[in-house]
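The values are calculated or read from the model by the stated rules, or taken from the named source; none is laboratory data. What you see is a predicted model; the values in this text were computed from it and never measured. Cβ coordinates were reconstructed from backbone atoms using ideal geometry, including for glycine residues, and neighbour counts include every protein chain displayed. Areas reflect the complete protein model, heavy atoms only, side chains present, ligands, DNA and RNA absent. Shrake-Rupley method; radii C 1.70, N 1.55, O 1.52, S 1.80 Å.
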Amino acid sequence: MTAQTADPTSDSPPGPPAGGHPQRWLILGVICLAQLTVLLDNTILNVAIPSLTEEMDATTADIQWMINAYSLVQSGLLLTAGNAADRYGRKKMLFTGLALFGIGSLAASLAQGPGQLIAARAGMGIGGALLMTTTLAVVVQVFEASERPKAIGLWGAVSSLGLAAGPLIGGALLEHFWWGSIFLINLPVALLGLVAVVWLVPESKNPTGDRPDLLGALLSTIGMTGVVFAIISGPEHGWTSQRVLLSALVGVVVLAAFALWESRIPYPMLDMHFFRDRRFVGAVAGGILVAFGLGGSMFLLTQHLQFVLGYDPLGAGLRTAPLALVIVVLNLTGVGARLLPKLGTPATILCGMGMLAVGLALIATLGADEYSGMLLGLVVMGSGIAISMPAMATAIMSAIPPEKAGVGAGVNGTLTEFGNGLGVAVLGAVLNSRFVGLLPAVAVGAGSLPAAYASARTDEDRAAVADAFASGVHTSQLVGAVAVLAGGALTALLLRRAERSSQETSAA
């Protein structure tokens, strides 16, 4: 397997022009706007869960698929989108992604049932895959190495804001409009982005870059979908049921086939040799688990605030705002960037992921019955995310050749999207299992909290249903905290070993 390099005679080399592109900061603004819109749709749907459950008669599994359809399709296509951007042009792919994302958003706003909305969200995922890979790749192309850390820091701040601010924006829209407004808001942003891309963003590509790996994209999408489908279906159909076991088996086998295929073809979607680099492996593990904790916790938080603490959608969104504010403030002030050279990458990531785990645990324990305890947990979580995520993005991009900026961005985006989807699936499954197991006899068989309430006949029954749901949220948040803490320790260990190995090689 040979690595592809840029043609030195190309009119669009991988590196930026001397001094960087003259309009690089304006370009960064356009890129950040597109990135914000894509990532908002990972969490903006969470506050609409009660409305969708009631208006569409959606079950818990339906809701999880509405959320995961977007993430899973996006995850499966990110690496292919990165390869396509490197070969055919990042500006072209950015424009195409904005157009597809806008069309998908319009279709989602007009959906009449769960199936239509799930299909529209999957379509939006295609556009989102193109956008997520091209935004980071363009940043690498238009900024010199000296300015790149600051630019990536700002890009990271907007990315984190998109993940955390979705419930706030969604809650504000649902306070005054119907649920479809959370998708219609994407249309003016997409149109503005299309005009700005045409006028501002320069074209860049690697003419000798890898060909798109369509079979790899198909295998990765099927494999991840199979695994997550098994996790979602487990609580409802039983973990040992034929449906769940067959789905899990198909997912694992197809993912293994994906890895085998990628290791044998000359133009892989994901070069499996990257996994020989401990920096890459450590950053991959950490990236998945940070996204796992953030995506899963936001899925749980919005339901906790509305179903357990009784806030309306806007109130729930406002109460998640401190998480987004802490992330943005710390990233804009460069706290993580200053800690990185002082502590080193392993210690910085361990510190950040440890804080994220502590924040989740605080929310589960102190925030179970009142918001004040939850607020402390949100602040600690935001601090951990702001510290760990930029460090891991830097570790991933530094382990991948510069001429494969699109692939690097695809890897980074895949980790985020797959981690988010896995967090919703796993923590949602833990929540549902605990909830169903604790329901009073009168509500046994209910697939959602509203259905369980409808089955309750007395105040005592309704109190038991509420307690069962609260217990499920508490348990799933603690599971997320343990997973993130273990991931932080593993990531730090792998990165530290990689540093020592590099130092020993240099000394020899």
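For this structure, a couple of remarks:
- Mean-position separation - Cα centroids, segment 82-121 and segment 168-194, in angstrom: 16
- Accessible surface, per residue, of segment 269-412 when the full set of protein chains is kept, probe 1.4 Å, Å²: 33
- Seen from residue 466, the other residues with C-beta closer than 12 Å to its C-beta sum to a net charge of -4, counting Lys and Arg as +1 and Asp and Glu as -1.
- Cα shape, segment 260-313, gyration tensor, a/c 1.5 rule: prolate
- Residue 333 versus residue 192: modelled label distance in nm, points set 7 Å from Cα along the beta carbon direction: 2.7
- With DNA, RNA and ligands ignored, accessible area of residue 278 (1.4 Å probe; Å², nearest 10): 110
- When the surface is traced with a 1.4 Å probe over the full set of protein chains, residue 494 keeps roughly 40 Å² accessible.
- Each of 365, 305, 346 was placed along the dipole of segment 278-405 (beta-carbon charges, centred on the mean Cα), and the one lying farthest toward the positive end is 346.
- Overall shape: prolate for segment 284-323, with the ratio a/c of the largest to smallest alpha carbon gyration tensor axis at 1.5 or above and a/b above b/c.
- Karplus-derived 3J(HN,Hα), 6.51/-1.76/1.60, for each residue of segment 270-284, Hz, glycine and proline x: 10, 5, 5, 5, 4, 6, 7, 8, 5, 4, 5, 4, x, 5, 4
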